[in-house]
1. Would you calculate the separation in nanometres between label points at residue 490 and residue 803, each defined as 7 Å from the Cα along the Cα-to-beta-carbon direction?
2. Given labels modelled 7 Å from the Cα in the Cβ direction, how far is it in nm from residue 405 to residue 689?
3. First select every other residue whose beta carbon is under 14 angstrom from the beta carbon of residue 544; then total the charges, Lys and Arg +1, Asp and Glu -1.
4. Using a Förster distance of 30 Å, how high is the FRET efficiency between residue 727 and residue 249, based on the Cβ-Cβ distance and rounded to 0.05?
5. Note down the accessible area of residue 667, probe 1.4 Å, to the nearest 10 Å².
6. Report ³J(HN,Hα) in whole Hz for each residue of region 530-536, in order, from the Karplus equation J = 6.51 cos²θ - 1.76 cosθ + 1.60 where θ = phi - 60°; Gly and Pro get x.
7. Under a plain spin-label model, where a point goes 7 Å from the Cα along Cα-to-Cβ, how far apart in nm are residue 811 and residue 861?
8. As an exercise, use a Förster radius of 25 Å and the Cβ-Cβ distance of residue 521 and residue 312 to find the FRET efficiency, rounded to the nearest 0.05.
Amino acid sequence: MTAPSARPNGPGSAAGGASALGLDLDDLAGLGEEEARARLLQEGANELPTQRSRSLLAIGLEVAHEPMFLMLVAAGALYLLMGERGDALMLLGSVVIVMAITIIQERRTEGALEALRDLSSPRALVIRGGTHRRVAGREVVRGDLIVLAEGDRVPADALLRRGLSLTVDESLLTGESVPVRKRPSAGAAGLDAPGGDDLPSVFSGTLVTAGQGIAEVLATGTRSELGRIGKALQQVEPEPTPLQQETGRLVRLFAVLGVSACAVVVVAYAITRGGGGRAWKEGLLAGVAMAMAVLPEEFPVVLTVFLALGAWRISRSRVLTRRMPAVETLGAATVLCVDKTGTLTQNQMTLRRLVTDERSVDLAALDAPLAEDLRGLLEWAVLASKPDPFDPMERALRAAGEAFLQGSEHLHPDWSLAREYPLTPGLLAVSHAWSTGRGDELAIAAKGAPEAIAELCHLAPAARARLVARTADLASQGLRVLGVARGSTRLASLPQEHHDLTLAALGLLAFEDPLRPTVPAAVAECQAAGIRLVMITGDYPATASSIARQAGLSDCDAVITGPELDRMSEGELAERIRGVQVFARVVPEQKLRLVNALKANHEIVAMTGDGVNDAPALRAAHIGIAMGGRGTDVARESAALVLLDDDFSSVVAAVRLGRRIFDNIKKAIAFVLAVHVPIAGLSMLPVFFEGWPLLLLPVHIAFLELIIDPSCTLIFEAEEAEADVMRRPPRSPGERLFSRRTVGVSILQGLSVLGACVGVFLLARSGHTPEAARALTFATLVVGSLLVILVNRSWSRSLWTMLRVRNAAFRWVVGGTLALLGVVLFVPLARRLFHFAPLHPEDLALCVGAGAACVLWFEALKHLGWWRPAPPGRGG
């Protein structure tokens with residue numbers, strides 16, 4: 001697949017237009033057509049190879065091996081055998097959800113590679129057989145001569161052989177927002193790393209921002225820098241989240257327990273009842289009930305529903321969830337890796353300061369008109385830029401000119417450009433000679449590197465020293481600095497050599513890629529939540545430190561650069577990365593290495609990014625977060641979360657929601673475990689006590705499911721976050737969903753309800769029929785289950801407080817459950833179906849009292865402060 005040219009009508013877009021570039025092309029023949037075709041057949045097309053898509057059957061077979069899938073299918077089949085079609089359909093519907101999630105994941109991988117193929121194959125102007133041809137980017141081969149002009153996207157990795165003031169935006173690969181200068185080389189044989197000025201290497205997918213050039217292709221397709229990123233992206237597999245791994249273990253465990261318990265109960269019941277036919281039938285009924293009691297099919301349902309609803313909730317904060325488990329994992333993130341350009345900053349150069357001998361003005365804080373000398377500085381800077389600029393700094397100058405000089409005599413739309421002195425490696429400045437319309441008078445405007453302007457103006461040593469000091473001071477603030485000069489001459493006196501111009505220095509311009517305004521507050525909240533921020537950028541160390549300081553990161557002076565990273569062993573990197581927050585001059589492969597080093601230190605890593613260079617690291621991180629507006633398709637397709645509004649503060653909302661989701665999943669799972677203890681106990685106890693009637697039949701457990709299912713999927717999911725959710729450190733990566741503490745309390749809650757039910761049954765045996773005793777026991781179990789829901793809604797606030805906290809699902813579930821309980825206890829037909837007998841008011845009072853008493857001890861723990869979520873590192 002190829003993408004349309006970014007600049008189809010630019011210089012050189014037709015065969016005869018190449019000579020307009022100002023380059024001598026007469027002696028360039030390029031490859032012959034036959035040779036080009038042969039190389040295309042031998043080396044392949046200039047694109048990433050299409051990944052072979054798996055069939056739906058192949059994906060389905062992979063899903064069929066997942067424990068969650070097996071659990072859902074087994075539970076659904078069991079319910080079908082029991083005739084419970086509604087529950088079976090619900091569980092089998094969850095199977096469809098699991099299948100859909102897997103298919104979406106597969107399509108996401110293919111989408112990332114497709115985006116890379118689109119980006120890597122623009123149209124290209126090549127020289128073949130001495131003629132100029134525009135061909136599809138996929139047809140460019142090694143050895144082709146490609147013609148580059150402003151606005152073109154480079155079709156392949158190449159070496160610049162001839163050029164005129166060529167600059168290229170390589171932020172796609174380096175994250176560096178400022179274009180880099182390219183210097184032609186006739187003898188270079190190999191490609192350099194992306195980034196850095198005055199190198200001959202140009203790279204596939206990067207954008208020419210100024211100048212023209214002829215380059216010789218050295219690498220195409222997967223052999224290009226962009227292709228290597230694509231291959232790295234193909235090889236990185238997202239690992240299962242800790243929650244997924246633990247759920248898989250639990251699913252396997254309870255599946256075995258359920259089947260085993262069913263067999264034990266059937267055999268034990270039949271043997272203890274004499275082994276007759278009726279005993280075996282009743283034993284089978286008890287075994288089915290026991291299997292239903294022990295088989296908590298709600299576990300995978302809770303995980304699926306909570307994450308699906310969590311994804312929906314987070315979408316309301318303008319965050320798109322591409323991989324649902326990542327929503328929960330984000331709540332456990334201990335390190336957030338952020339890319340400077342486009343993530344912390346706006347990826348848009350802005351003129352920040354104007355500096356002359358008399359004054360220095362911060363334009364961001366300007367509250368009065370510009371002084372005349374500053375107007376002059378800006379006037380001549382605009383004149384030294386192109387009228388319709390492509391370079392980001394020149395666009396920033398044009399915007400500042402329109403903002404501060406509009407309607408004044410400092411803008412000159414009627415002047416015409418007489419001559420341009422382009423930037424060269426030996427003199428990093430550009431000068432424009434303008435015809436003013438006053439005879440042959442010319443106005444000269446120059447801008448460039450401060451040292452180049454000092455050279456053009458022939459500054460005295462003292463003045464040069466002052467200029468260097470001001471430049472260094474501005475650069476230390478993370479600003480990019482240009483010098484500006486002016487002069488005048490006559491057309492006849494216009495020198496041929498740039499250096500022979502007579503100019504006077506006017507001052508300095510300082511540019512910045514400004515910080516997003518929401519970043520400092522977002523960074524502060526992340527730090528309050530115990531999340532360490534690490535900035536990884538391709539920019540220079542001074543700029544990186546300055547931006548990190550503005551964002552609010554701590555210890556911004558300690559910086560590790562890309563070259564230093566290359567010299568470190570894996571062990572040394574793992575040790576150094578613990579105390580460093582700023583990494584500068586980093587290339588894509590190193591970003592991936594940093595993420596892996598953090599993971600090796602047992603950190604839960606989240607990473608934000610927006611460029612192609614971020615894609616492998618986004619995919620390798622536990623949670624990849626892409627920018628949706630400014631981000632590339634590759635970054636978006638590789639990430640688990642996408643910020644639709646590019647607002648870094650949305651990360652904080654996502655972290656908050658992730659922590660809330662984990663807390664609520666833990667509460668829901670704790671409730672499910674607690675409520676299954678009395679159900680299992682009441683199903684099993686009659687097996688071992690001769691003369692006890694069966695206390696729970698399948699119909700009773702099906703009724704209880706009406707409480708359990710909506711409770712664990714609706715009530716707990718809708719609970720608001722605990723008050724301290726963003727004031728506590730991330731949970732330990734080793735903290736399990738079923739920690740010993742949580743399981744212990746859940747079992748105690750379940751045993752308390754079981755004890756209350758057994759106590760009520762024993763009291764009822766003396767003066768009631770078996771059916772009445774069963775009804776009393778069942779009513780106690782229902783009341784106890786409702787109170788377990790209430791006490792688990794919050795593990796820090798009291799039962800009475802939570803009664804006043806609105807939760808519509810809780811009210812509906814409690815009201816509906818009590819209404820249905822009234823029906824089965826007092827409506828004769830329903831009472832017969834449940835094998836109950838009529839009850840008296842004092843019986844109901846006993847049920848309510850016993851159910852309430854069994855959970856009051858947990859309220860006491862909360863009141864005394866003995867029950868709080870385990871601190872980090874103690875969750876195991």
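1. 10.1
2. Distance between the two pseudo-spin positions: 9.5 nm.
3. Details: positive: 340, 480, 549, 585, 591; negative: 176, 339, 512, 513, 539, 555, 557, 564.
Result for the neighbourhood of residue 544: -3.
4. Working: r = 31 Å, r/R0 = 1.04.
For R0 = 30 Å, the calculated efficiency reads 0.45.
5. 0
6. With the stated coefficients, region 530-536 comes to x, 9, 7, 9, 10, 9, 10 Hz.
7. My value for the distance between the label points is 3.0 nm.
8. Plugging the Cβ-Cβ distance into 1/(1 + (r/R0)^6) gives 0.45.
The values are calculated or read from the model by the stated rules, or taken from the named source; none is laboratory data. Remember, predicted model here, so these are calculated numbers, not experimental data. Don't worry about glycine lacking a Cβ; one is built from the backbone with ideal geometry, like all the others, and counts go over all protein chains shown. Each accessible area value is taken on the protein alone, full model and side chains, heavy atoms only, with ligands, DNA and RNA left out. Shrake-Rupley method; radii C 1.70, N 1.55, O 1.52, S 1.80 Å.
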